[in-house]
Amino acid sequence: MRREHVEVKSDHTARDVSFEVIPLRASHTNEPYLMIVFEEAGPARQHPAAKRHVVPLRKEATSKRLIKLQQELAATTEYLHTVIENQEATNEELQSANEEILSSNEELQSTNEELETAKEELQSANEELTTVNDELRSRNHEITLANNDLLNLLTSIDVAVVMLGSDLAIRRFTPEAQKLLGLIPADVGRPFGNINAGLNIPDLQDRILNVIHTFVPFEEEVQVRSGRSYLLRATPYRTSENKVDGAVITFMGVIPDDARARAEESSHGNAEFMLVLDRDLRIQTATPSFYRAFRLAPEAVQNRPLDRVNHVVADNPELQKALKKAQQPGEMIAPFTVELKLDGEARQKFECRLERVALDGGANLIAVSLHAAAI
């Protein structure tokens, strides 16, 4: 048998050789031997005894090699199919991942747009809050000023005033009310009915509630602990929206009968006009001729300061100076001449006399008498 072009490794190199296997038989023994002859690649030489085997052996070797190659090709093809399938599966996974990434990108873009919109809305809301804050700051400043004005007004007036809420709880009161009713700052927020004011009106609380519900004020003369009489007036407490949210109670001093009698006695004779003022120059009573001359209603000027009643009297500096002097005890006031303009008439001169009237209770009044001066 012979093999052509067989690759043989030798000294780390591959050599192309051919070899023949020749059967031999020794003469002195009957044992068979095989002789192997190696040749460098070249024209194939065959032993004459092996010529008949060369072609079948080559065909057999070629067939086996072909089968082996076919098997290797089939295995390679199968491996390539597996690789292609794995590649296709990987491509599908990558495509799915890419689609998910695109979807996530779109969602992120949408979220970014929503965040931009929310940012603009927050900016707009912040601007609105800034505007509202400025308005609230301005409103707070106005409320502070109004509160200061109210506190100064309540402190400066010499009228006893008590403000009540719709539940008849005390909201505010003037210093005069504090002295008159014995109130203290801690009474703010307490029900007015729990305050022992010493007023002789048993159903006062119900009558105040009636004022709040019916909006109809009421007046009644009451006496306080000192024994002095006052005119109690309860009116509805109205808000800026014209809603009734409580009541306002005021106390006006009432002239005692003995003082009224003295004033009326002093008004007889040559005096044409007669006024009786308290120590704060508020009108307590006057003669009918005074009301007629200046066209005033008694209920409109009761307990009102003289300088707020009629500008003809208020604008007379000599009279104002004399009245302020009459408020000081011990000052002697001599009669003096004033010029007044009656309603609808020319200016006329009057002789004015100021007289202090001391009452039994210790109060001091100022009697003002005006006599028509001779021309």
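The values are calculated or read from the model by the stated rules, or taken from the named source; none is laboratory data. Keep in mind that this is a model prediction, so the values were computed, not measured. Virtual Cβ from ideal backbone geometry, glycine too; neighbours counted across all protein chains shown.
So which residues in the stretch 167-181 are surrounded by 14 or more Cβ atoms within 10 Å (Cβ to Cβ) and either at pLDDT below 85 or assigned to a helix (DSSP H, G or I) (or both), if there are any at all?
Taking the stretch 167-181 and keeping what is surrounded by 14 or more Cβ atoms within 10 Å (Cβ to Cβ), we get 168-178, 180-181.
Scanning the stretch 167-181 gives Pro175, Glu176, Ala177, Gln178, Leu180, Leu181.
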Given (1) in contact (Cβ under 8 Å) with a residue 24 or more places away in the chain; (2) surrounded by 14 or more Cβ atoms within 10 Å (Cβ to Cβ); (3) within 20 Å of Ala169 (Cα to Cα), identify the lone condition not met by Tyr230.
(3)
Hits in the stretch 229-284 (condition: charged (D, E, K, R) and at pLDDT below 80):
Glu241, Asp257, Asp258, Arg260, Arg262, Glu264, Glu265, Glu272
Being assigned to a loop (DSSP other than H, G, I, E, B) and surrounded by fewer than 16 Cβ atoms within 10 Å (Cβ to Cβ) is true for just one of Asn196, Asn152. Which residue is that?
Asn196
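Where in the stretch 297-346 are the helices (runs of 4 or more DSSP H), entirely inside, with at least 3 residues that are at pLDDT 80 or above, under 59 Å from the mean Cα position of the chain (by Cα) and surrounded by 12 or more Cβ atoms within 10 Å (Cβ to Cβ)?
Working: elements: 298-301, 311-314, 317-326.
Once the helices (runs of 4 or more DSSP H) in the stretch 297-346 are filtered for at least 3 residues that are at pLDDT 80 or above, under 59 Å from the mean Cα position of the chain (by Cα) and surrounded by 12 or more Cβ atoms within 10 Å (Cβ to Cβ), what remains is 317-326.
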Criterion: free of Cβ contacts under 8 Å to residues at least 24 places away in the same chain and under 32 Å from the mean Cα position of the chain (by Cα) - qualifying residue of Leu151, Leu183, Leu168:
Leu151
